[in-house]
Amino acid sequence: GYKKVLEENRKLYNQVQDLKGSIRVYCRVRPSLPGQENQVTSVDYMDEETVTIIVPSKSGKEGRKASMFNKVFGPSATQEEVFSDTQPLIRSVLDGFNVCIFACGQTGAGKTYTLTGPAELTPETTGVTYRALNDLFLISEERKNLMNYEISINMIEIYNDEIWDLLISQPAKKGINLPDANLVPVSSTDDVMNLMNLCKKNRAANDRSNRAHTFLTAHVFGKDLTSGTATRGCMHLVDLAGNEKLENSDDEATHINQSLSALGDVLVALANKSSKVNYKNCKLTQLLQDALGAQAKILMFVHVHPDMDEALETLNTFKFAERFSALDKSTEVKDLKEQICLLKSALAKKEAGDPGWQD
Ligand code: ADP
Ligand code: MG
């Protein structure tokens with residue numbers, strides 16, 4: 001009885017994961033910045049899985065509820081909390097999986113904070129990138145008697161559909177292959193920090209990070225010390241260009257819009273397990289082609305700017321993410337979740353020695 005329930009529970013859990021698809025969508029609501037804590041914000045209500053945004057309407061104001069998230073992080077969520085839900089994904093890179101983590105949202109919504117951290121980093125405020133690489137180093141150390149891992153990273157940005165190498169601050173050669181970019185072996189978080197600083201320095205004179213897609217890619221080569229089998233995983237951490245609507249439709253804006261919609265199309269195709277995925281449309285999707293695919297694990301962080309007059313932009317960001325989030329549409333997930341709840345309470349009864357429990 002007991003074992004069977006456990007097994008049933010696990011099976012259902014896996015089914016839910018399957019239904020949720022390979023693309024997870026997390027939402028993170030940025031806190032108000034120091035000095036602005038008393039302003040009214042655009043976020044009306046949020047819980048673990050939904051966010052309600054207040055938007056202007058004919059009758060004044062109305063709330064729009066978004067419920068396509070696997071998880072919602074509120075303004076007080078720490079970097080550590082956000083990372084702890086990302087960690088299992090990162091670890092699979094060492095087993096040869098490809099992982100892509102994206103940050104989307106308008107400029108100022110907190111994309112760079114999530115992936116990198118604030119301008120002045122402290123151990124508490126480092127973002128997903130630093131923590132992820134730290135994890136990779138720690139686990140490869142733990143496994144050192146079984147596996148030998150080599151990790152190297154490159155950092156590039158895509159601006160106006162051109163690739164720039166952030167580790168040498170020169171335009172990358174024409175042609176889109178990443179091997180053209182500097183691939184630097186790293187063996188500690190200090191190495192990573194130095195490269196991130198180099199990147200910051202290279203950028204200082206001409207920071208267009210809000211209008212560019214920034215990639216940090218870690219390539220992980222593993223070798224099984226007994227069997228000699230090789231594994232190869234890669235992790236892309238992508239800080240996407242701000243998706244706010246721009247008044248002038250210059251080249252910059254056109255490239256941003258085209259590349260984000262091409263990325264959306266690719267993610268929708270992957271979410272639907274379609275065999276036709278078109279990566280050709282822009283550099284952003286071309287660069288991801290090798291890493292994305294049926295086996296890839298994908299996580300999108302959707303960022304919410306808390307200011308009242310940014311609410312409409314937030315809805316645009318939600319529209320982008322809604323297309324490839326499997327959650328909203330699926331009542332099956334809800335049903336399965338209810339079954340899991342029932343099983344859990346049965347288990348709890350059993351553990352509490354409830355005489356009502358029957359094998
Ligand atoms: P984006 O990269 O989307 O343009 P940033 O990450 O630069 O936005 O965030 C804008 C400002 O808000 C920065 O000063 C950043 O340090 C701050 N910020 C963003 N998210 C948080 C957060 N979760 N907690 C504290 N400050 C944050
Ligand atoms: Mg940024």
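Bear in mind these aren't lab numbers, they're just calculated from the coordinates by the rules spelled out. Predicted model only: the values in this text are computed from it and were never measured. Cβ placement follows ideal geometry from the backbone for every residue including glycine, while neighbour counts extend to all protein chains displayed.
Listing for the model above:
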item	result
Within-13-Å neighbourhood charge of GLU142 [Cβ basis; K, R +1; D, E -1]	+1
Packing-based ranking, highest mean first, of 145-158, 93-106, 341-354 given that Cβ atoms within 10 Å are counted	93-106, 145-158, 341-354
Gyration tensor verdict on the stretch 99-141 (Cα atoms; rounded if a/c is under 1.5, prolate if a/b is larger than b/c, oblate otherwise)	oblate
Relative packing of 273-284, 191-202, 313-324, which averages over residues the other C-beta atoms within 10 Å, highest first	313-324, 191-202, 273-284
Gyration tensor verdict on the stretch 24-118 (Cα atoms; rounded if a/c is under 1.5, prolate if a/b is larger than b/c, oblate otherwise)	prolate
Over the chain: helical MRE at 222 nm, DSSP H runs n ≥ 4 each giving -39500 (n - 2.57), nearest 500	-11000 deg cm²/dmol
Rounded, prolate or oblate (a/c below 1.5 giving rounded, otherwise prolate when a/b exceeds b/c) for the stretch 22-74 by Cα gyration tensor	oblate
22 Å Cα-Cα threshold exceeded, pairs from LYS111/LYS200; LYS71/LYS111; LYS4/LYS344	none
Base-10 log of normalised Debye intensity for the stretch 180-244 (one unit scatterer per alpha-carbon) at q = 0.15, 0.16 Å⁻¹	-0.64, -0.71
Computed log₁₀ I(q)/I(0) - Debye formula, equal Cα scatterers, no solvent, the chain, q 0.13, 0.14, 0.15 Å⁻¹	-1.11, -1.26, -1.41
Cα centre as origin, Lys/Arg/Asp/Glu Cβ charges: the chain dipole, Debye	900 debye
The chain, relative contact order in percent, only Cα pairs under 8 angstrom and at least six apart counted	28 percent
Beta bridges per DSSP with both ends in the chain, % antiparallel, nearest 5	65 percent
Mean separation of Cα contacts under 8 Å, 6 or more apart, over the residue count of the stretch 257-355: relative contact order %	24 percent
At least 15 Å along the helix axis (C-alpha) and Kyte average at least 0.0, DSSP helices within the chain	128-142, 251-271, 311-322
Virtual spin-label span in nm between GLU80 and LYS200, 7 Å along Cα→Cβ	2.2 nm
Directionally averaged projected area (convex hull, Cα atoms, the stretch 150-294), nm²	10.5 nm²
Cα Rg, Dmax (largest Cα-Cα span) when computed across the stretch 67-145, Å	13.7, 45
